[in-house]
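Trainee: Take a look at the following structure, please.
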Amino acid sequence: MTPSRDRYFDHAATTPVDPRVVREMLPYLGEAWGNPSSIHACGRRAKQAVEHARERVAELLGAEDPSEIVFTAGASEANNWVLEQFPTGAVGPFEHPSVAAVARKRGFSTLGNDGFALLPPESPVEMVSVMAVQNEVGARFDLAPLRNWAPVAHSDVTQAVGKVELDLEAVDFASLSAHKFYGPMGVGALYRRGAPALEPLIYGGGQEGGQRAGTLNVPGIVGLGAACALALDERQQDFDHASHLRALLLDELQALDEWRAVEAPSQSPFVLALLFHGTVGETLVLELDRQGFFASAGSACSSGEPHSWASLRALDVDESWGRGALRISFGRANTTDSTRDLAAALRSSVSSLRRLKQHA
Ligand code: PMP
């Protein structure tokens, strides 16, 4: 079965690769096979493609120079890499596990919060890391204060880049993954303002100026560059589309009772976290799946751990509400019709689950 793209509402987990991105990648999986480190013509062609992609990433991020971009295997690697540079640090309470786990391992502190408002570190630290858009609930965080909180600021912009307006003026480092905005999986980048030399995370050959060893993933990098170029042209349109569908879904759910949406003061329209009292998120996901709709009960990275949303923990959401958490995340191929159909499927699934529970 080929899943229907318009019924896929899990774009925060991953986006389908845009066919235009696939087209740009294909030659590098075929006739253009060179290793960009080779000095012959095949290598030079691959190298040129990599550098073109680097320029496209830099342009989307508003980086001053392409040399500020280092390619990685994704945002997890980029996040790990930055956090490993500093002896002390503080991270937001809503961070992705690829930030939170390294912070824990290194004994970094966690910033306090009052709802979605983050509080400054309690003691001086050498770096602070706060994501731009939260992956479970779509909350946007203001990066501007970070400058005042530590000498170095990092932001995980994985759920923001190519989607919402991003001002990297406030940060020194930013991490991203291609597959969250219609590029391929397994490739991403770290933005380093001013291209400072970092202690490598991966040692070996001299690729990426000696900063990140390993033969470059040329097709993936080309795909990342292509996704950046599309995002530059289509970001506003995508944003408006997601805003429209999100509002529509909320409206279509009004007939249900005992549910609420998690709404941040500043919100990305691409993510909608819904809490349905008296249900279980995973069961809802399976019930929607049975009807051909794809959503998520938590981020893919924390699947298997029920009630494990970092955001719900940070917000002190009661377990009775947190159990019924469902994440809907919008993308280019969703339509008004498929969103209305999703709402209908949700209304009936929630109602029947609650009825079943009453009779259990
Ligand atoms: N940060 C955030 C906010 C994410 O949503 C994700 C993907 N779930 C990552 C980092 C990690 O990205 P990847 O798995 O591509 O390394």
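Trainee: Which peptide among 21-33, 155-167 comes first, and what is the full order, when sorted by highest mean count of other Cβ atoms within 10 Å?
Mentor: 155-167, 21-33
Trainee: What is the percent of Cα-Cα separations in region 57-197 that go past 22 Å?
Mentor: That fraction is 29 percent.
Trainee: Placing unit charges on C-beta atoms (Lys and Arg positive, Asp and Glu negative, everything else neutral), compute the dipole magnitude of region 14-170 about its Cα centre in debye, rounded to 20.
Mentor: That gives a dipole near 520 debye.
Trainee: A further question follows. So between Glu59 and His359, what do we pick up on full extension, going 0.36 nm a residue minus the alpha carbon distance?
Mentor: Gain on extension, Glu59 to His359, equals 102.2 nm.
Trainee: For the pair Asn113 and Trp33, how long in nm is the line joining their label points, each one 7 Å along Cα→Cβ?
Mentor: So the two model labels end up 4.9 nm from each other.
Trainee: Let me ask another. Is the shape of region 160-199 rounded, prolate or oblate, going by the alpha carbon gyration tensor and its root eigenvalues a ≥ b ≥ c, with a/c under 1.5 for rounded and a/b larger than b/c for prolate?
Mentor: oblate
Trainee: Assuming R0 = 22 Å, can you tell me the calculated FRET efficiency for the pair Asp318 and Leu250, based on Cβ-Cβ distance, to the nearest 0.05?
Mentor: Taking R0 as 22 Å, the efficiency between Asp318 and Leu250 is 0.55.
Trainee: Helices from the chain with mean Kyte-Doolittle at least 1.0 and a Cα length along the axis of 15 Å or more, per DSSP H: which?
Mentor: Qualifying helices: none.
Trainee: Which of Pro265, Ala132, Gly278 sits closest to the plus end of the dipole of the chain, meaning its Cα is farthest towards the positive end, when Lys and Arg get +1 and Asp and Glu get -1 on the C-beta?
Mentor: My answer, from the dipole projection, is Gly278.
Trainee: Run the quick spin-label model on Arg106 and Glu263: label points 7 Å from Cα toward the beta carbon, then report their separation in nm to one decimal.
Mentor: 3.7
Trainee: With only Lys, Arg, Asp and Glu charged, each at its Cβ (+1 for the first two, -1 for the last two), find how big the charge dipole of the chain is about the Cα centre; round to the nearest 20 debye.
Mentor: 780
Trainee: If packing is taken as the mean number of other Cβ atoms within 10 Å per residue, what is the order of 146-153, 193-200, 234-241, highest first? The partial results should precede the final answer.
Mentor: On the way: 146-153: 18.0, 193-200: 13.1, 234-241: 15.4.
My ranking of the peptides, most packed first, is 146-153, 234-241, 193-200.
Trainee: Treating cross-link reach as a plain straight distance, find the lysines whose alpha-carbon is under 17 Å from the alpha-carbon of Lys163, omitting any fewer than eight places away in the same chain.
Mentor: Straight-line reach from Lys163, under 17 Å: Lys180.
Trainee: About the Cα centre of region 115-248, what is the dipole size in debye to 20, counting +1 per Lys and Arg Cβ and -1 per Asp and Glu Cβ, all else neutral?
Mentor: Dipole magnitude for region 115-248 comes out near 200 debye.
Trainee: With a ≥ b ≥ c the root eigenvalues of the C-alpha gyration tensor of the chain, is it rounded (a/c under 1.5), prolate (a/b larger than b/c) or oblate?
Mentor: Because a/c hits 1.5 or more and a/b fails to exceed b/c, the chain counts as oblate.
Trainee: Same structure again: Could you work out [θ]222 nm for the chain from helices alone, using -39500 (n - 2.57) per DSSP H run of at least four and dividing by all its residues? Round to the nearest 500 deg cm²/dmol.
Mentor: Value at 222 nm, helices only, nearest 500: -11000 deg cm²/dmol.
Trainee: Which Cα, out of Val222, Leu256, Ala144, lies furthest along the positive dipole direction of the chain (beta carbon charges, K/R +1, D/E -1)?
Mentor: With unit charges placed on the Cβ atoms, the residue in question is Val222.
Trainee: FRET efficiency for Met1 and Ala333, Cβ-Cβ distance as r, R0 = 25 Å, nearest 0.05?
Mentor: Details: r = 17 Å, r/R0 = 0.66.
For R0 = 25 Å, the calculated efficiency reads 0.90.
Trainee: Per residue, what accessible area does the chain have, given a 1.4 Å probe and all protein chains present, in Å²?
Mentor: 43
Trainee: Could you check how much of the accessible area of region 59-203 is carbon and sulfur, as a whole percent, using a 1.4 Å probe? Provide the component values of the computation, followed by the final result.
Mentor: Values: 2670 of 5320 Å².
Carbon with sulfur: 50 percent of the solvent-accessible area.
Trainee: A further question follows. What do you reckon, how do Met127, Met1 stack up by accessible area (1.4 Å probe), largest on top? Could you put the intermediate results ahead of the total?
Mentor: On the way: Met127 0, Met1 195 Å².
The most accessible residue leads, giving Met1, Met127.
Trainee: I would also like to ask the following. Only bridges whose two residues both fall in the chain count here: according to DSSP, what percent of them are antiparallel, nearest 5? Please list the in-between numbers first.
Mentor: Numbers: 23 of 36 bridges.
Percentage antiparallel, nearest 5: 65.
Trainee: What ranking, highest mean first, results for peptides 93-100, 263-270 when packing means the other Cβ atoms within 10 Å averaged over each residue?
Mentor: Taking the mean over residues of other Cβ atoms within 10 Å, the ranking is 93-100, 263-270.
The values are calculated or read from the model by the stated rules, or taken from the named source; none is laboratory data. Quick caveat: nothing in here was measured; it's all calculated off a predicted structure. Positions of Cβ are generated from backbone atoms using ideal geometry, with glycine treated the same way; all protein chains shown enter the neighbour counts. We work out accessible area using only protein heavy atoms, side chains counted, and drop any ligands, DNA or RNA first. Shrake-Rupley method; radii C 1.70, N 1.55, O 1.52, S 1.80 Å.
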